[in-house]
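Have a look at the structure below before the remarks.
Just so you know, all these numbers are worked out from the coordinates, no wet-lab data involved. Just so you know, these numbers come straight off a predicted model, no measurement behind them. Because the Cβ atoms are built from the backbone with ideal geometry, glycine has one as well, and the counts that use them run over all protein chains shown.
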Amino acid sequence: MLPAILAGAGILLIGGLLFFGGDDDKKEAKQAKTDTKASASADTAKSKSGSGGVAARPTDDAKPSPKRTKPKLNPVVENAIVTNGMAPDPGKKKEPTSFDSVEDEIAYWEDRLVAANRNLEIRQMAVERTPKIEEKIRNGNDPVNGLKEFEKRKQVVKDNLEKAEAEVEAIELKLSGLKG
């Protein structure tokens, strides 16, 4: 008997909700009315230019900031110093003008010679790679324009090698003068 009563109560409850809970039509009508108002205000560009879309809003003219004269940069980038046309070296130290002793000066220039020789090796490897790169460009999609650009790069590589060789020679000459 209890299941029959519960089933009957459930049927009455569902029927009542369907019959008396019909406010969905009113909500849909109200929503449609507000959507129409919103779309009408957004379509003002349609009446002016003939195409649809949202009308442009008025804007202020751009003004430079009176406080900042330079662009704001990351401190690492701002303080970087470019060395020999290569990557920036933010930790580059200035060359000392005086030394405590001759041995200190010799040690400093020997360290510089090691760095200059390393730079020279890198430059020599770049010169050695140029024929391979030139061959790839010749076999590429656009060899005419590629070769024009490559000739400029080739000249830069050659100039960098000459600078590296001159730096090594200058340091060696200075070291030979110090060692006597």
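Assorted remarks:
- For the set Lys72/Lys163; Lys132/Lys158; Lys94/Lys174; Lys93/Lys174; Lys93/Lys154, the pairs lying more than 24 angstrom apart at their alpha carbons are Lys72/Lys163; Lys93/Lys154.
- Cα-centred dipole magnitude for the range 133-180, charges only on beta-carbon of K, R (+1) and D, E (-1), debye, nearest 20: 60
- When the alpha-carbon atoms of the range 99-179 are used, the pair Rg, Dmax equals 18.2, 60 angstrom.
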